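Take a look at the structure below.
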Number of protein chains: 2
Amino acid sequence: MIKYAILGYGTVGSGVAEVMAEGQEKIAALVGEPVELGYILVRHDYPGDPYADKMTTDFSVIEKDPEVAIVAEVIGGAGDAYAYTKRALRAGKSVVSSNKELVAVHGADLNELARKKGVNYLFEGSVGGGIPLLRPLTQCLAANRIDEVFGILNGTTNYILTAMDAEGRSFADALASAQALGYAEADPTADVEGIDACRKTAILADLSFGYNLDPRKIPTQGITKLESADLELARALGHTVKLLGRARRAEGGCCAFVEPHLVPAEHLLASVSGVMNACVVRGSAVGEVMFYGPGAGKRPTASAVAADIVQAAQHRTHRRDTDLGKPGGVLAPADDLVSRWYVRTGADPAAIERAFPGARPVYGSSGECGFLTEPLDRHELKKRLRPMHPAAVLRVLD
Amino acid sequence: MIKYAILGYGTVGSGVAEVMAEGQEKIAALVGEPVELGYILVRHDYPGDPYADKMTTDFSVIEKDPEVAIVAEVIGGAGDAYAYTKRALRAGKSVVSSNKELVAVHGADLNELARKKGVNYLFEGSVGGGIPLLRPLTQCLAANRIDEVFGILNGTTNYILTAMDAEGRSFADALASAQALGYAEADPTADVEGIDACRKTAILADLSFGYNLDPRKIPTQGITKLESADLELARALGHTVKLLGRARRAEGGCCAFVEPHLVPAEHLLASVSGVMNACVVRGSAVGEVMFYGPGAGKRPTASAVAADIVQAAQHRTHRRDTDLGKPGGVLAPADDLVSRWYVRTGADPAAIERAFPGARPVYGSSGECGFLTEPLDRHELKKRLRPMHPAAVLRVLD
């Protein structure tokens with residue numbers, strides 16, 4: 001019998017207890033012995049809770065119990081979660097986590113500590129929620145040189161964009177209903193400013209390109225400045241607006257950024273709506289593959305955390321390494337990346353034609369127009385846009 | 001250093017040699033030592049081929065070489081491939097395979113033999129080509145009860161259906177261009193009659209539900225009887241025609257079948273076009289996830305086979321089990337499964353209204369009409385259709 005502990009009893013923590021209990025028979029068969037909940041670390045009592053007898057407010061109880069082989073950290077943030085993860089690893093316990101902030105910022109160090117102690121540090125749930133993504137990327141595509149990885153990595157912003165697109169609503173209005181439905185937090189900053197997507201992009205880039213990136217250096221633009229006019233014009237141009245995290249292989253590192261993009265309507269990512277996520281991986285042998293599913297939520301995220309608990313249990317004697325990359329990779333400037341661009345402007349057709357010969361503007365209900373440029377880097381784009389006072393500029397996905 | 005051998009030097013075999021050579025540095029880092037090509041089993045010489053010095057026409061050379069730890073079987077079929085796989089496993093070598101026929105028919109026995117010998121039998125490439133699918137299904141969704149798995153599992157038929165849909169072409173005409181482009185074989189029976197999709201459905205069902213199904217018992221209907229009128233009417237009804245392999249959990253087994261379906265245009269599967277494949281998995285914790293990518297082809301399939309070689313190399317001392325299910329599962333009759341149905345008929349509106357009150361027929365260029373029924377099982381459907389002489393009947397995906 002193997003014991004595991006859950007750190008944190010919020011949405012994901014309670015989901016992990018639930019999913020592990022439901023799957024206990026199947027899991028015991030896969031591991032070869034039962035995997036049983038030993039403790040839940042909580043900040044206060046939950047009288048009457050079915051797991052009340054498993055709860056403790058003292059991490060050292062878990063740390064010192066030699067029967068606990070696996071710790072699931074679902075506290076979030078890089079404070080207590082960081083301290084407990086280090087202590088658990090030092091105590092020779094495997095740690096699994098859905099905490100993208102911690103993995104993005106300290107994951108490489110924690111992984112190194114796990115390697116030294118001969119235990120596992122696994123974090124499938126940190127990117128894409130319940131979508132199987134990191135393990136397929138690192139294992140099933142093991143023989144590929146990964147060239148690019150990009151996708152819709154945040155469900156809250158995708159819900160907002162879907163509502164703006166389908167119902168012509170403003171950003172503020174769509175955000176309010178996301179909050180009312182529990183898809184956005186009271187302080188939605190980390191989601192709507194792209195910070196959450198940026199952390200996930202950093203993790204994907206690390207695993208794909210072998211360099212440990214500082215997520216705080218990745219250029220990140222959220223969706224707060226989008227107007228419903230942009231979604232209307234994008235649609236008229238045969239595109240949908242999606243917030244994408246992207247990372248591409250570059251000499252000695254990669255080019256990574258988070259920006260709202262115009263995605264061609266015929267691309268599968270354009271059909272990913274509501275709170276769903278999807279991630280495209282381009283590999284040297286496989287070509288293009290995509291992984292789609294719920295990127296957040298209690299049971300989907302718990303599904304990923306539980307799978308990591310199972311993996312850690314299966315790999316007690318033979319650790320499963322997930323390499324988060326060595327430090328020092330170059331972060332190539334996104335402004336050098338050539339793309340087509342979408343421009344919204346009130347400029348007159350003659351001015352547009354002078355700067356972008358052959359452009360075909362479409363006109364929206366606001367009277368402004370939108371058009372797509374030919375492929376340009378951002379430096380050249382800025383030069384040409386100078387006389388035009390554009391109201392919005394967005395990158396187009398190739 | 002670990003040696004591997006490739007059995008067969010067709011499209012996939014040469015791809016495996018190529019992809020393993022390209023990825024050798026990364027693979028050596030993942031495994032902890034180099035993984036090197038020892039032999040290629042061929043039927044005749046390839047003078048001047050870069051791997052000519054590795055070739056042998058005698059399987060016993062590979063079988064007897066104790067340095068060969070892993071054998072990649074990419075011969076196809078259940079003749080020589082079956083015999084060699086048994087001999088390799090008995091000789092204590094791990095076997096990896098992209099051979100869906102062999103895995104579907106003899107996989108459970110071969111897996112049992114591998115278990116007895118303490119070696120790996122892995123077959124990621126047998127379903128979905130390069131798409132990471134079987135490993136995510138069995139490992140990343142380990143804590144889920146899988147309720148249903150279904151998808152577009154054959155690229156040839158999807159190419160034909162896409163051509164029929166986009167260009168209004170007949171089946172025969174679209175098949176001819178698939179053959180000209182190398183997407184369909186001279187004898188396309190296994191693809192167009194759904195046999196290939198059926199084998200893959202059997203493998204998915206085995207892994208999902210824990211029972212070993214005989215693929216020859218799975219009701220299988222191909223695309224040869226589809227007419228361009230069906231694609232035209234489906235589109236007018238807001239749907240796309242796709243050949244789906246489906247398997248659903250049922251009491252003591254599952255319900256599995258292969259049939260052309262009408263897929264709602266807003267479902268992601270409707271946007272999967274050309275030779276691409278996609279598979280949806282419904283799990284008790286995760287909800288719905290989808291895996292998309294190239295379901296066949298030299299380098300994509302080689303990507304999956306190479307990943308299995310890497311896994312087998314990583315799990316020499318600690319085998320990676322993939323449970324193909326115990327024998328004896330019930331195959332629940334597909335005719336009992338309630339669905340909406342598409343009907344094409346030349347019957348007059350009054351007759352349609354009598355049998356299917358409230359149906360809303362749409363009329364195509366042929367003068368026939370198509371309509372969707374309410375949810376019914378096939379027994380009830382047949383009863384109501386009796387007076388109507390329908391020209392085509394297809395299941396609708398919920």
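Just so it is clear, none of the values below were taken in a lab; they were calculated from the coordinates. Nothing here was measured: the structure is a model prediction, and the numbers come from that model. FYI the Cβ positions are ideal-geometry reconstructions off the backbone, even for glycines, and counts take in every protein chain you see.
What share of all Cα pairs of segment A:263-395, in percent, falls into each consecutive 10 Å distance bin?
Bin by bin from 0 Å, the calculated values are 9, 23, 26, 22, 13, 6, 2, 0.
What base-10 log of the normalised intensity I(q)/I(0) is obtained for segment B:10-66 from the Debye formula, alpha carbons as equal point scatterers, at q = 0.16, 0.19, 0.25, 0.26 Å⁻¹?
Each listed q maps to, in turn, -0.57, -0.78, -1.09, -1.12.
Non-local amide H neighbours of A:LEU37 (under 5 Å, H modeled in plane, Pro and chain starts lacking H): which ones?
The answer is A:TYR4.
Just to check I understand the Karplus step: with θ = phi - 60° and J = 6.51 cos²θ - 1.76 cosθ + 1.60, what whole-Hz values come out for segment A:342-352, glycine and proline as x?
9, 10, 10, 7, x, 5, 7, x, 5, 5, 5
Where the Cα atoms of segment B:313-359 are projected onto their three principal axes, how long is each span, largest first, in whole Å?
70, 25, 17
If the label for A:GLU67 sits 7 angstrom from Cα along the Cα-to-Cβ line, what are its distances to the same label in every other copy, in nm to one decimal, shortest first?
5.1
Just to be sure I follow the definition: excluding the sites themselves, where is the longest run in chain A that has none of the GluC sites (Glu not before Pro) in a DSSP loop with at most 15 other Cβ atoms within 10 Å?
Longest run free of exposed loop sites: A:267-398.
Counting only other chains, what is the mean number of Cβ atoms within 10 angstrom of the Cβ of each residue in peptide A:121-130?
Mean partner shielding for this stretch: 2.
Report, ordered by chain and residue number, the lysines lying within cross-link reach of A:LYS117, taken as a straight Cα distance under 19 Å and ignoring same-chain residues fewer than 8 apart.
Result set, ordered by chain and number: A:LYS3, A:LYS64, A:LYS86, A:LYS93, A:LYS326.
Quick check on chain B: what are the equivalent-ellipsoid semi-axes from the Cα gyration tensor, as sqrt(5λ), descending, whole Å?
Output for chain B: semi-axes of 42, 23, 17 Å.
Would you mind pulling out the separation of the Cα centroids of segment B:335-398 and segment A:91-122, in Å?
Segment B:335-398 and segment A:91-122 have Cα centres separated by 57 Å.
How large is ³J(HN,Hα) for each residue in segment A:390-398, as worked out from phi by the Karplus curve 6.51 cos²θ - 1.76 cosθ + 1.60 (θ = phi - 60°), to whole Hz, x for Gly and Pro?
x, 7, 7, 9, 9, 6, 9, 6, 5
May I ask you to report, in nm to one decimal and beginning with the shortest, the distances from B:SER177 to the same position in the other copies, taking label points 7 Å along Cα-to-Cβ?
4.1
Between A:ASN212 and residues 5 or more places away or on another chain, which pairs have amide H atoms under 5 Å apart, with H built 1.01 Å from N, and which residues are they?
A:LYS326, A:GLY328, A:GLY329
What does the average come to when, for each residue of peptide B:264-273, you count the partner chain Cβ atoms lying within 10 Å of its Cβ?
Partner Cβ neighbours, averaged per residue: 2.
At a temperature of 4 °C and a viscosity of 1.567 mPa s, determine how fast segment A:350-398 diffuses translationally according to Stokes-Einstein, using the Kirkwood radius over alpha-carbon pairs as Rh; express D in µm²/s, rounded to the nearest whole number. Please report the intermediate quantities before stating the final value.
On the way: Rh = 11.6 Å.
It diffuses with D of about 111 µm²/s by this estimate.
Can you pull the Kirkwood radius for segment B:133-184, inverse mean 1/r over Cα pairs, to one decimal in Å?
Working: mean 1/r = 0.0760 Å⁻¹.
Taking the inverse mean of 1/r over all distinct Cα pairs, segment B:133-184 comes out at 13.2 Å.
Over all residues in B:292-300, what is the mean tally of Cβ atoms on other chains that come within 10 Å of each residue's Cβ? Could you put the intermediate results ahead of the total?
Working: counts 8, 9, 4, 0, 0, 3, 1, 7, 7.
For this peptide, the per-residue mean of nearby foreign Cβ atoms is 4.
If you consider only alpha-carbon coordinates, what radius of gyration and Dmax does segment B:48-194 have, in Å?
Calculated on Cα positions, Rg and Dmax stand at 18.9, 57 Å.
From the backbone phi of segment A:122-139, what are the Karplus-calculated ³J(HN,Hα) couplings (6.51 cos²θ - 1.76 cosθ + 1.60, θ = phi - 60°) in whole Hz, Gly and Pro given as x?
Those phi angles translate into 10, 8, 3, x, 7, 10, x, x, x, 5, x, 9, 5, 5, x, 4, 8, 9 Hz.
Using the C-alpha atoms of the protein assembly as shown, what convex hull volume per residue, in cubic angstrom, is computed? List each step's numbers first, then the result.
On the way: hull volume 143.5 nm³, N = 796.
Convex hull volume per residue, Cα atoms: 180 Å³.
Amide H to amide H, which residues 5 or more places from B:LEU122 or on other chains are under 5 Å from it, using H placed in the peptide plane?
For B:LEU122, the qualifying residues are B:VAL95, B:VAL96, B:SER97.
So what's the convex hull volume per residue for the Cα atoms of segment B:130-255, in Å³? It would help to have the intermediate numbers written out before the result.
On the way: hull volume 15.9 nm³, N = 126.
Convex hull volume per residue, Cα atoms: 126 Å³.
Would you mind classifying segment B:242-331 by shape? Square roots of the alpha carbon gyration tensor eigenvalues, ordered a ≥ b ≥ c; an a/c under 1.5 is rounded, otherwise it is prolate if a/b is larger than b/c and oblate if not.
Oblate shape, in that a/c is at least 1.5 and b/c is the bigger or equal ratio.
How many angstrom lie between the C-alpha centres of segment A:249-295 and segment B:21-62?
34 Å
Can you give the helix-only mean residue ellipticity at 222 nm for the protein assembly as shown, where every DSSP H stretch with n ≥ 4 adds -39500 (n - 2.57) and the sum goes over all residues, rounded to the nearest 500 deg cm²/dmol?
-10500 deg cm²/dmol
How far is A:PRO333 from the same spot in each other copy, in nm, shortest first, if each label point sits 7 Å from Cα toward Cβ?
Nearest first, the other copies' label points are 7.1 nm away.
Using all Cα-Cα distances in segment A:150-209, what percent lands in each 5 angstrom bin from 0 up to the longest?
Over segment A:150-209, the share of Cα pairs per 5 Å bin runs 4, 20, 26, 21, 14, 8, 5, 2 percent.
For a bin width of 5 Å, list the pair-distance distribution of segment B:199-261 built from all Cα-Cα distances, rounded to whole %.
Here the calculated profile for segment B:199-261 is 4, 18, 24, 17, 13, 12, 9, 4, 0.
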